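Structure first, commentary second.
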Amino acid sequence: MYEPRSFLDKFFLVIKGLCMGAANKVPGVSGGIVAFVGGFYVEFIYSLQKINLKAFRLLINGRFTSFYRYVNGTFLSLLIFGMLVSYFSVSRILDYFLEQKELFVWAAFFGMILGSIYYIAKDFKHWNKKTISAGLIGLVVGISISFLSPAKENDNLFFIFICGIISVSGMTLPGLSGSFILILLGNYVLLLVDSVNALYDTFAEMFRGDFGFVNNQARLNTLKILAVFTAGSATGLVSLSHILSFVLKQYKHSTTATIIGFITGSLGVVWPWKKTIYRTDHMGQVFLDSNNKAIIMNYERYLPEFGDSETWWALFFIFFGIIILLALDWYGKIRKNAV
């Protein structure tokens, strides 16, 4: 049973949800890292693991209060609320900065991930042959994913459901970016741009009393795709949490070492100095999505030029990202000592 939370604790849970939602939408950044560094990763996994047959029996029998307590409802509802708000607010602001100041955004995330590696590794005192091997495996897998080539867009509903299961891994596995996985699967624009914007536009129209979207077949198809994707994500979130809770209980040290290696390997995905490769036809014409944005295929990485002022600004944002994580570490120690 979890202890009652203060108003401040609940407020910060929503903020953490906002951060997780924003991180999940950015290719290369994992919402799981936010959970890990924020100190609520284990509670997040174990709370999701409580969504099982016993929980459904409580729900079916009308024991809603017991169900809410059993699944750690306060924690999950506030966190998920923060994520949902993020998808329609923070993530849109992030999209703007990625478009206007892409290098600096990637640099800040790169610094935050560097800081998270330090944050996780500094207290890990269990290095041996087994954990070193696990860490190396995580490192190799993380690096390998960084250099995979993406597939083409596919709106088959079964494939969309599978995309949901796979993409949600970014929330449960620190270092594995669900949005980057969607780029590799070819469906990032369809599922995290077009579908989310379609839902946003639909809610905006309904709020104005305009229900004309019911006659818009393209909009309805996009909303259907989003519904299937959401169902797949929910299925993946619950099933992965059961697997991870077992792994964390049985192989805690090896799992932590693998996560450290994986996050380190994922640095290649968020390397700030890269050229965006867009999808083009045989004539070199760039394909656009429904919002007239160029469709990203992958990234071509290069080394920085230190004679360029932008490079020094990027280095500043890398250090800024590291400082954010160090500040979180400091804040965590202050709260721990206060308790």
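The values are calculated or read from the model by the stated rules, or taken from the named source; none is laboratory data. Everything quoted here is computed from the prediction, not taken from an experiment. Cβ: placed from backbone, ideal geometry, glycine included. Neighbour counts: every protein chain shown.
From the list 85, 42, the lone residue that is touching a residue at least 60 places away in the same chain (Cβ under 8 Å), of a type in the set (Val, Ile, Thr) and surrounded by fewer than 15 Cβ atoms within 10 Å (Cβ to Cβ) is 42. Pairs meeting the criteria (first residue in region 184-207 and within 13 Å of residue 153 (Cα to Cα), second residue of a type in the set (Lys, Arg) and surrounded by 18 or more Cβ atoms within 10 Å (Cβ to Cβ), beta carbons under 7 Å, at least 6 apart or on different chains) are 192/25. For residue 222, the criteria (1) touching a helix residue (DSSP H, G or I) at 6+ places or on another chain (Cβ under 6 Å); (2) closer than 25 Å to residue 268 by Cβ; (3) surrounded by 21 or more Cβ atoms within 10 Å (Cβ to Cβ) hold in every case but one, which is (2).
Tell me whether region 176-196 contains one or more residues that are more than 25 Å from residue 238 (Cα to Cα) and crowded, with 18+ Cβ neighbours inside 10 Å. Break it down stepwise before answering.
Residues of region 176-196 that are more than 25 Å from residue 238 (Cα to Cα), as a first pass: 194.
Those still in the list that are crowded, with 18+ Cβ neighbours inside 10 Å too: 194.
Yes: one or more hits.
When region 103-128 is filtered for residues that are assigned to a helix (DSSP H, G or I) and either exposed (fewer than 14 other Cβ atoms within 10 Å of the Cβ) or aromatic (Phe, Trp, Tyr) (or both), the ones remaining, listed by number, are 104, 106, 109, 110, 118, 119. Check region 51-62 and report whether any residue there is without any contact (Cβ under 8 Å) to a residue 12 or more places away in the chain and crowded, with 16+ Cβ neighbours inside 10 Å. So far as region 51-62 goes, yes, one or more of its residues are without any contact (Cβ under 8 Å) to a residue 12 or more places away in the chain and crowded, with 16+ Cβ neighbours inside 10 Å. Against the list (1) closer than 20 Å to residue 237 by Cβ; (2) more than 20 Å from the chain's Cα centre (by Cα); (3) small (Gly, Ala, Ser), the condition residue 133 fails is (1).
Looking at region 86-101, which of its residues are modelled with pLDDT under 80 and not polar (S, T, N, Q)? If the condition is that a residue be modelled with pLDDT under 80 and not polar (S, T, N, Q), then 87, 88, 90, 92, 93, 94, 95, 96, 97, 98, 99 are the ones that fit.
Could you go through region 274-293 and let me know if any residue there is at pLDDT 85 or above and either in contact with a helix residue (DSSP H, G or I) (Cβ under 8 Å, 6 or more places away or on another chain) or within 30 Å of residue 153 (Cα to Cα) (or both). Don't jump to the end; show me each part of the working.
Here is the first cut: in region 274-293, the residues at pLDDT 85 or above are none.
No: zero hits.
The residue list 235, 230 contains one member that is among the polar types (S, T, N, Q), surrounded by fewer than 18 Cβ atoms within 10 Å (Cβ to Cβ), in a helix (DSSP H, G or I) and under 15 Å from the mean Cα position of the chain (by Cα), which is 230.
Give region 1-21 a look and list any residue that's of a type in the set (Gly, Ala, Ser) and either crowded, with 23+ Cβ neighbours inside 10 Å or at pLDDT 80 or above (or both), or say none.
Start the filter on region 1-21 by keeping residues that are of a type in the set (Gly, Ala, Ser), which leaves 6, 17, 21.
If the condition is that a residue be of a type in the set (Gly, Ala, Ser) and either crowded, with 23+ Cβ neighbours inside 10 Å or at pLDDT 80 or above (or both), then 17, 21 are the ones that fit.
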